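One structure below.
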Amino acid sequence: MATYRYTRWDGRSLAFDPKQAGKGAPDKKGRSSGKFPADDVFREFANNLVYGFSAREALEWMMRNGFDLPNQSMRVMGLSDIIQELRKRREEFFSQYNLEKALDEVRGALEDIRNFENQTLSSSPLPERERSRRKNFLENLPSSASEALSALDGYDFLDERAKETYEELRSKFDRIRELENFRDRYRPFFQGEQSLSFNEALDLMDRFNRLVDLERALEQGELDSLDLENLREFFSEQGYESLIILRDLRRELMDAGYLGEGAMGPELTPKGIRRIGAQALRDIYAGLEKDRPGPHETDRPGAGRIVPDSSKPYHFGDPFHVDLSRTFLNALTRGGARVPLPIEPEDFEVFEVEHSTQTATVMLVDMSWSMSWEGRFPAAKKVALALAHLIRTRFPKDHFYTVGFYTRARQLSLKELPEIIWNSGDPFTNLQEGLRLADKLLDRHKNANKQIILVTDGQPTAYSLKGELLVEWPWDFGGISPRASYETLREVRRITKKQIRINTFMLDDSPALVSFINELARINKGKAFYTRPDLLGQYLLVDYLEGKKKRVG
């Protein structure tokens with residue numbers, strides 16, 4: 001008997017197929033998305049937001065520079081790389097062809113016109129003066145083929161062969177003039193060995209002009225008007241597939257519900273914000289290991305959650321969440337298989353229960369200029385997004401706020417959280433104001449356990465005194481700002497009296513800064529974690545989850 005193992009689909013079995021584009025339900029412009037990998041594309045888009053781009057900037061960056069699609073096993077080339085492909089193709093034209101003989105056929109036909117007409121003139125009954133005038137006119141036609149044809153316009157041909165040849169050339173007048181202009185402009189560049197006939201040169205001119213127009217359209221980001229199927233000859237297979245994805249990038253993310261059209265351009269929808277939080281949480285979970293530090297437990301049980309994979313023998317007073325399979329198995333093992341099945345009190349097993357506490361949490365995120373170093377701020381923002389998503393989905397009765405502090409402090413809405421960046425215009429660190437704002441937010445919730453999660457890389461350099469905002473540079477690099485530190489620790493003491501716990505995640509190991517954080521933790525009795533940006537999410541998530549539960553029984 002065959003055994004099959006089912007696992008979660010990873011997307012690899014349905015790679016993007018540009019040949020399928022246009023075969024699905026068409027949009028208002030008659031196009032179709034085919035198998036556009038919207039989820040994979042949004043993942044890359046979200047990563048750019050975490051690293052400080054706005055939605056518009058993230059799209060522009062992806063369009064210009066390209067991105068990877070690991071689940072599709074492909075690299076989407078950016079417009080810069082695709083344009084380089086086109087320029088390489090243009091150089092291939094230059095090195096392969098020349099235009100020296102492109103108009104020789106036209107010149108030969110004009111010479112035939114002159115000869116045919118002169119032969120007929122020599123035997124015509126026209127007066128000698130008129131014959132001489134006509135021959136002189138024909139002999140002094142302009143050297144440019146198009147100008148010569150224009151000069152012959154209105155000439156009364158005597159020779160029928162000359163007239164037919166002229167009319168044939170005149171029907172091609174526009175093309176002849178185009179080729180002349182093209183040759184005059186590009187002849188120095190076409191230095192290849194292959195000479196072209198008139199028709200071959202026209203074909204090359206048309207292809208080259210399409211290539212130049214295409215390059216110009218890509219430089220200006222005008223992809224919607226392009227007929228890519230008719231331009232396919234200019235691209236590599238990767239370039240063509242990439243251009244289809246780039247062309248549909250914005251529209252497909254909107255169709256998928258991740259982006260909407262705002263007053264200032266594309267903006268994240270609620271679905272997009274949820275997806276970014278889920279992605280950030282998934283990324284952090286992927287790096288977790290069982291031995292990560294940071295557990296804290298509570299003795300205040302709240303709402304219980306059954307742990308389905310864990311049961312234990314029943315004891316008087318336990319919640320009676322019976323594990324029937326284990327209970328029946330115990331009875332069978334003790335008494336054997338008989339009907340009715342005798343069940344004794346000692347056979348009963350019950351599921352274990354985790355009890356969660358309801359909490360109100362404010363995450364204080366340092367947005368000062370120094371957070372731009374070493375990937376600190378993207379890590380902090382990613383953790384804030386992940387924690388917000390975790391609490392909304394797993395602990396919906398909890399309350400969660402995010403506050404950013406720099407020279408001042410302000411509450412950050414969930415909508416703006418994915419696009420925030422460190423504040424280079426207000427580079428100081430006003431932790432005091434951040435703590436005051438956090439306290440006001442926590443005051444809204446009277447019964448919940450209250451905590452502040454502080455993510456920072458240093459000590460305060462801004463504070464308020466008697467209503468006046470003051471800033472204070474440290475004494476030296478990596479040192480402290482004495483007055484700012486003193487006023488901030490006063491705020492910590494005030495908050496501590498209100499039974500608000502502060503857990504600090506520190507992203508710098510300078511001795512003076514570590515000393516400040518240690519003093520903060522000593523006053524508040526909270527925890528201090530000293531970690532790197534790449535481990536911040538793992539430390540913080542473990543600490544938060546372990547603080548939410550206690551195994552009972």
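Taking the criterion of being open to solvent by 20 Å² or more (accessible area, probe 1.4 Å) and not in a loop (DSSP other than H, G, I, E, B), the residues of region 498-520 that qualify are R501, P511, A512, V514, S515, N518, E519.
So that you can scan it fast, the table gives a plain yes or no per residue for (1) under 24 Å from L202 (Cα atoms); (2) in contact with a helix residue (DSSP H, G or I) (Cβ under 9 Å, 6 or more places away or on another chain); (3) surrounded by fewer than 18 Cβ atoms within 10 Å (Cβ to Cβ):
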site	(1), (2), (3)
E139	no, yes, yes
S146	yes, yes, no
D153	yes, yes, yes
L169	yes, yes, no
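Kindly indicate whether any position in region 359-368 is part of a helix (DSSP H, G or I), of a type in the set (D, E, K, R) and modelled with pLDDT of 80 or more. Looking for residues that are part of a helix (DSSP H, G or I), of a type in the set (D, E, K, R) and modelled with pLDDT of 80 or more, one finds none in region 359-368, hence no.
Scanning region 437-450 for residues that are out of contact with any strand residue (DSSP E or B) (no Cβ under 7 Å at 6 or more places or on another chain) and not in a helix (DSSP H, G or I), which turns out least open to solvent (accessible area, probe 1.4 Å)? Can you show your working first?
Filtering region 437-450 down to residues out of contact with any strand residue (DSSP E or B) (no Cβ under 7 Å at 6 or more places or on another chain) leaves 439-440, 443-444, 446-447.
Still in the list and also not in a helix (DSSP H, G or I): 443-444, 446-447.
Numbers: D443: 56, R444: 146, K446: 154, N447: 149 Å².
The extreme case among them is D443.
Of the helices (runs of 4 or more DSSP H) lying entirely inside region 90-157, the ones with 1 or more residues being in contact (Cβ under 8 Å) with a residue 12 or more places away in the chain and closer than 21 Å to E178 by Cα are found at 104-122, 145-152.
I453 falls short on exactly one of the conditions (1) open to solvent by 10 Å² or more (accessible area, probe 1.4 Å); (2) within 20 Å of N503 (Cβ to Cβ), and that condition is (1).
Once region 215-229 is narrowed to residues that are at negative phi and of a type outside the set (D, E, K, R), the residue that is surrounded by the fewest Cβ atoms within 10 Å (Cβ to Cβ) is S225.
Exactly one residue out of E289, E349, E354, E297 is open to solvent by less than 50 Å² (accessible area, probe 1.4 Å) and at pLDDT below 75, and it is E354.
Looking at this structure, is N199 of a type in the set (S, T, N, Q) and open to solvent by 80 Å² or more (accessible area, probe 1.4 Å)? Walk me through it before giving the result.
On the way: of a type in the set (S, T, N, Q): yes; open to solvent by 80 Å² or more (accessible area, probe 1.4 Å): yes.
Answer is yes for this residue.
Right, A337: out of contact with any strand residue (DSSP E or B) (no Cβ under 8 Å at 6 or more places or on another chain), outside any helix (DSSP H, G or I), without any contact (Cβ under 8 Å) to a residue 60 or more places away in the chain and over 27 Å from E267 (Cα atoms) or not? Criteria met by A337.
For L268, the test of being in contact with a strand residue (DSSP E or B) (Cβ under 8 Å, 6 or more places away or on another chain), in contact (Cβ under 8 Å) with a residue 40 or more places away in the chain, of a type in the set (A, V, I, L, M, F, W, C) and open to solvent by less than 20 Å² (accessible area, probe 1.4 Å) is passed.
The values are calculated or read from the model by the stated rules, or taken from the named source; none is laboratory data. Just so we're clear, the structure is a prediction, and the values are computed from it rather than from any experiment. All Cβ positions, glycine included, derive from the backbone under ideal geometry; neighbour counts span all protein chains shown. SASA here: full protein model, heavy atoms, side chains in, ligands and nucleic acids out. Shrake-Rupley method; radii C 1.70, N 1.55, O 1.52, S 1.80 Å.
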